[in-house]
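The block underneath contains the structure these notes are about, expressed in structure tokens.
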Amino acid sequence: MGRTTASATSTDQPLAIHFGAFLKSLRSRHGLRQADVLAHLPHWTQANYSRVENDEQAPPFNQLVAFYAALSQAGVELAPQDRQQFLTLARVRIEIKKSHLDRKSDQEWEALRVTLSQFDHRSAALEALSAAQERLLAHPGLMETRHLLGRADWLASVLTTLQTRNRKIVVLQGPSGIGKSSELHRIANHFLRAESHSHVVLCVLPNVEQEPEPEHTLDALLGSLLAEISSNDEAIQRATRALRITSALKRLEKTARQVLILVDNAEHLMDGKDAFASCWEDFLEQFLRSKHHATLVLATKEWPGWRRGEGIFIEERIVPAFTVEGVFAAGK
């Protein structure tokens, strides 16, 4: 039986003909055997995995996170374009099944996309599938946030700000350990579950100590953003930073639904002298002036403030400390 072939990119480099062929190409690219991947898939036999690679069997939706993690653990270096192709071809293969339909909603595929993005940004966590990661296999995309009690009023006010679409940048500022990353996940979960079907892009930048160059982290954000909202165009990914910024903003302007860009460890915007790094300042200025419906949420320990006319589109929020009263009230 013939299979649907995904369309070629604008660089005339065709996508793999089916999901299994894509898995095989990833292995071949790194000189890996099936056994290397299966070493990280304890519940899969070589016979069953071969059926997926040979396109005789569709991948189960609830195993896609495990497949993606196993590839990374086996040594496959997954670029944002790989993640997008993985999702596109998996969805095509699952949705053409004639029996035992495993169709998922757009919202569920969106949640899965965010989960895979989280894995890419937290590669160290892929060394082993922890208990928390196994919970994600049952509920892809939904990071565990039920342990977070308190700050309900504060969170509700932040969500209201984001839903009104009258702010282009929202800054969540607070010291280390106060829970900025967890609040980003709570925000992501809210919008993934909401009926508005906002497009959520999560970018977890490395700690400043690990990657002190602001230019490199801006490139990382642009790479993730272009992969998530644009076509699988490798030429754009290799273009100059100025062209990549222009391309990303033009694509955002053409997107009808709200795009929520969540950036963790956003201290990278600074130059170490309580001011914006020039590359980030240029990006922020263009982002603020562009006519789009996107909101950039920055979680950071530092924020020097914005002193220009576009400041009316920026909201600065201090992440409050948990209080005993707030936690008690939330637990009732």
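The values are calculated or read from the model by the stated rules, or taken from the named source; none is laboratory data. Treat the numbers as computed from the prediction; the structure is a model and nothing was measured. Heads up, the Cβs are rebuilt from the backbone with ideal geometry, glycines too, and the neighbour counts pull from every protein chain shown.
Do we have any residue at all in the stretch 7-15 that's surrounded by 13 or more Cβ atoms within 10 Å (Cβ to Cβ) and modelled with pLDDT of 50 or more?
Yes; the residues of the stretch 7-15 include at least one that is surrounded by 13 or more Cβ atoms within 10 Å (Cβ to Cβ) and modelled with pLDDT of 50 or more.
In the stretch 200-299, which helices (runs of 4 or more DSSP H) lie fully inside it and hold 3 or more residues that are more than 20 Å from GLU316 (Cβ to Cβ) and in contact with a helix residue (DSSP H, G or I) (Cβ under 6 Å, 6 or more places away or on another chain)? Outline the logic, then answer.
Values: elements: 214-229, 234-237, 241-254, 278-289.
Helices (runs of 4 or more DSSP H) meeting the threshold: 214-229, 241-254.
Filter the stretch 80-103 down to the residues that are of a type in the set (Lys, Arg) and assigned to a loop (DSSP other than H, G, I, E, B), then identify the one that is modelled with the lowest pLDDT. Show your work before the answer.
Step one: filter the stretch 80-103 for residues of a type in the set (Lys, Arg), giving 83, 91, 93, 97-98, 103.
Among the residues that remain, those that are also assigned to a loop (DSSP other than H, G, I, E, B) are: 97-98, 103.
Values: LYS97: 72, LYS98: 61, ARG103: 74.
The residue in question is LYS98.
Can you tell me which condition LYS24 does not meet? The list is (1) at pLDDT below 90; (2) part of a helix (DSSP H, G or I), and all the others hold.
Status for LYS24: all satisfied but (1).
Restricting to the stretch 144-179, and then to whatever is hydroxyl-bearing (Ser, Thr, Tyr) and more than 21 Å from the chain's Cα centre (by Cα), can you tell me which residue is modelled with the lowest pLDDT? Before the answer, list the steps.
Our first condition is that a residue be hydroxyl-bearing (Ser, Thr, Tyr); within the stretch 144-179, this holds for 145, 157, 160-161, 164, 176.
Filter again for more than 21 Å from the chain's Cα centre (by Cα), leaving 157, 160-161, 164, 176.
On the way: SER157: 92, THR160: 90, THR161: 89, THR164: 77, SER176: 88.
Ranking the candidates gives THR164 first.
What are the pairs with Cβ atoms under 6 angstrom where one residue, in the stretch 150-172, is more than 23 Å from LEU269 (Cα to Cα) and the other, located anywhere, is part of a helix (DSSP H, G or I) and of a type outside the set (Phe, Trp, Tyr)? Sequence gap at least six, or different chains.
GLY150/GLY326; GLY150/VAL327; GLY150/ALA330; ALA152/ALA330; LEU159/HIS190
For the stretch 163-177, give me the residue count where each residue is buried (at least 18 other Cβ atoms within 10 Å of the Cβ) and either out of contact with any helix residue (DSSP H, G or I) (no Cβ under 7 Å at 6 or more places or on another chain) or not assigned by TED's automatic domain parsing to the domain that holds VAL201 (or both).
1
Identify all residues within the stretch 208-219 that are surrounded by fewer than 19 Cβ atoms within 10 Å (Cβ to Cβ) and either modelled with pLDDT of 85 or more or of a type outside the set (A, V, I, L, M) (or both); write none if there are none. Spell out how you get there, then give the answer.
Our first condition is that a residue be surrounded by fewer than 19 Cβ atoms within 10 Å (Cβ to Cβ); within the stretch 208-219, this holds for 208-213, 215-216, 219.
Result: GLU209, GLN210, GLU211, PRO212, GLU213, GLU215, HIS216, ASP219.
Condition test on VAL259, is it closer than 21 Å to GLN118 by Cβ, surrounded by fewer than 21 Cβ atoms within 10 Å (Cβ to Cβ) and assigned by TED's automatic domain parsing to the domain that holds PRO206? Before the answer, list the steps.
Details: closer than 21 Å to GLN118 by Cβ: yes; surrounded by fewer than 21 Cβ atoms within 10 Å (Cβ to Cβ): yes; assigned by TED's automatic domain parsing to the domain that holds PRO206: yes.
So VAL259 passes the test.
What are the pairs, 6+ residues apart or on separate chains, where a residue within the stretch 50-63 that is in contact (Cβ under 8 Å) with a residue 12 or more places away in the chain has its Cβ under 9 Å from a residue that is of a type in the set (Val, Ile, Thr) and assigned to a helix (DSSP H, G or I)?
Close Cβ pairs (under 9 Å, with a partner that is of a type in the set (Val, Ile, Thr) and assigned to a helix (DSSP H, G or I)) amount to ALA58/VAL52; ALA58/ILE94; PRO59/VAL52; PRO59/ILE94; PRO60/ILE94; PHE61/ILE94.
Which of (1) under 18 Å from the mean Cα position of the chain (by Cα); (2) modelled with pLDDT under 90; (3) within 22 Å of SER198 (Cα to Cα); (4) not acidic (Asp, Glu) is the odd one out, the single condition LEU298 does not satisfy?
(2)
Please go through the stretch 50-79 and give me each residue that is under 19 Å from GLU108 (Cα atoms), assigned to a helix (DSSP H, G or I) and not polar (S, T, N, Q), ordered by number. Outline the logic, then answer.
From the stretch 50-79, those under 19 Å from GLU108 (Cα atoms) are 58-69; that's our starting set.
Okay, now just the ones that are also assigned to a helix (DSSP H, G or I), so 61-69.
Matches in the stretch 50-79: PHE61, LEU64, VAL65, ALA66, PHE67, TYR68, ALA69.
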